[in-house]
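The values are calculated or read from the model by the stated rules, or taken from the named source; none is laboratory data. None of the values given here were measured: they were computed from a predicted structure. Here Cβ is always computed from backbone atoms with ideal geometry, including for glycine, and neighbour counts include all displayed protein chains. In case anyone asks, the SASA skips ligands and DNA or RNA and just uses the protein heavy atoms, side chains included. Shrake-Rupley method; radii C 1.70, N 1.55, O 1.52, S 1.80 Å.
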Amino acid sequence: MDAPVRTKARPRVVITGLGALTPLGLTAADTWRALLAGRSGVSRVTSVDLSDCPAKIGGELKDFDPGAYLSAKETRRMARFSQLAVIAAEMALADANLALDDKEKHAAGVLLGTAVGGTAVEIEAANRQVTERGLMSVSPFFLMMLPANMAAFHVARRTGFHGYNSTTVTACASGTQAIGEAVEVLRSGRAQVMLTGGSESPLTPMAMAGFCAIRALSTRNDDPPAACRPFDAQRDGFVISEGAAIFVLETLAHARQRGANIYAEIAGYAANSDGYHVIAPNPDLHGPVEAMHQVLADAGIGPEAIDYVNAHGAGTPLGDAAETRILKTVLGERAYQVPISACKSMLGHAMGAAGAMEVMACILTLRDQIIPPTINQDYPDPDCDLDYTPHTARPARVDVILKNSFGIGSQ
């Protein structure tokens, strides 16, 4: 596909700060060390009762106390996904060493992704409370915890970033798409700085039961660290997890003007929907193949420039096989030479935050020139025959990374 024709030079967009809370660690640095060590963050879920659920495992945050970061008053007024977003955003700002005056904050915005927002956790908690204590025992903050855009609101309120503000809700693609849309905001001149990424807290009995009802989750309860097995012949579904990853994006000119440390450039972005099925991938692969062609064109590069692919790789039988075929279609024979890895094998699937967590891994891969592994890929699958960097992290020369995210609803 030919590169798009541009009538004028557009601003280049770079990443200058990152913050994360994941099942592998309560900082980006801790998470990265665990990823390189091939450690799983999946365990038996302890925060809710899953005794009647076929799947009893997930990626919970370990030793997380919101009170260590937020006041008791703020904690009560925020859904958990908002708490995670605010904390990770403040980590990202500190990492970027970014301090804006009041005027500059009007050219700074927030664009976050989430799949379910506060709905799953807060409705189930409120339902239990009113069942036990009556309807009017509901919290006065209840309704304001539910909407998906409330994480972006709380981040904007805490930071004073009063420019562009929006939320992307595209299921498991939300975090990655939010980052891409933030790039477009910066390219258009509507902001000079954006806080972006994803946040999710989906570990509830009803959410787990719902995914079990459609047989989407792994039920390898006897061995949680081995449950998520992307591209492995014995994969049996994904593992739900929680967390947040947030980034500071700036125009290159703004970053250079203030002497910022630059982690990476986001050179291209594309998104679409093939409108095929709520869950199953389209056998003709048209949607994701077209999106990958579009992102290469947007970046002005060819498939031969890709040094590493960070896969969606959720560990589902249909999804992993489809992603393998997609990569072969886009990269051709070179697909067999390009290393690929699936961080969900260790992080679990944090829904709207998953892609953002994996973008963090991409950024640090570029910085350290080492590719995180795909753990649990023990048994070859003839339908998944590419190089998925099994078991062990691998030093490599990496200049350009392709990141995939696919969401239910053909996003």
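Quick notes on this structure:
- Count of the range 176-190 residues, restricted to those that are open to solvent by 10 Å² or more (accessible area, probe 1.4 Å) and either among the charged types (D, E, K, R) or touching an Asp or Glu at 6+ places or on another chain (Cβ under 8 Å) (or both), is 5.
- Residue 274 being under 22 Å from residue 169 (Cα atoms), among the charged types (D, E, K, R) and assigned to a loop (DSSP other than H, G, I, E, B): yes
- Scanning the range 394-411 for residues that are under 20 Å from the mean Cα position of the chain (by Cα) and in a loop (DSSP other than H, G, I, E, B) yields 400, 404, 405, 406, 407, 408, 409, 410, 411.
- Only listed residue being buried (at least 23 other Cβ atoms within 10 Å of the Cβ) and among the hydroxyl-bearing types (Ser, Thr, Tyr), chosen from 82, 137: 82
- Test: residue in the range 220-235 that is in a helix (DSSP H, G or I), of a type in the set (A, V, I, L, M, F, W, C), surrounded by 19 or more Cβ atoms within 10 Å (Cβ to Cβ) and touching a Pro at 6+ places or on another chain (Cβ under 9 Å): no
- Checking residue 11 against (1) out of contact with any Cys (no Cβ under 8 Å at 6 or more places or on another chain); (2) modelled with pLDDT of 95 or more; (3) in a loop (DSSP other than H, G, I, E, B); (4) closer than 25 Å to residue 343 by Cα, the condition it does not meet: (4)
- Tally, over the range 79-89, of residues that are out of contact with any Ser or Thr (no Cβ under 8 Å at 6 or more places or on another chain) and either within 13 Å of residue 28 (Cα to Cα) or at pLDDT below 95 (or both): 1
- Among residues of the range 383-404 that are touching a residue at least 12 places away in the same chain (Cβ under 8 Å), those with a Cβ under 7 angstrom from a residue that is of a type in the set (A, V, I, L, M, F, W, C) and in a loop (DSSP other than H, G, I, E, B), sequence gap 6+ or separate chain, pair up as 384/231; 388/231; 388/342; 391/375; 400/301; 400/306; 402/306; 404/311.
- Restricting attention to the range 179-219, the residues being of a type in the set (A, V, I, L, M, F, W, C) and in a strand (DSSP E or B) number 4.
- Residue list for the range 191-217, restricted to those being polar (S, T, N, Q) and open to solvent by less than 10 Å² (accessible area, probe 1.4 Å): 196, 199, 201, 204
- Just so you know, in the range 140-153 the residues that are open to solvent by 70 Å² or more (accessible area, probe 1.4 Å) and out of contact with any strand residue (DSSP E or B) (no Cβ under 8 Å at 6 or more places or on another chain) include one that is farthest from residue 362 (Cα to Cα), and it is 140.
- When the residues of the range 154-170 are filtered to those that are in contact (Cβ under 8 Å) with a residue 40 or more places away in the chain and part of a helix (DSSP H, G or I), the one that is surrounded by the fewest Cβ atoms within 10 Å (Cβ to Cβ) is 158.
- Residue match in the range 34-56 (condition: within 21 Å of residue 198 (Cβ to Cβ) and at pLDDT below 95): yes
- For the condition open to solvent by less than 30 Å² (accessible area, probe 1.4 Å), modelled with pLDDT of 95 or more and within 26 Å of residue 407 (Cα to Cα), residue 173 qualifies.
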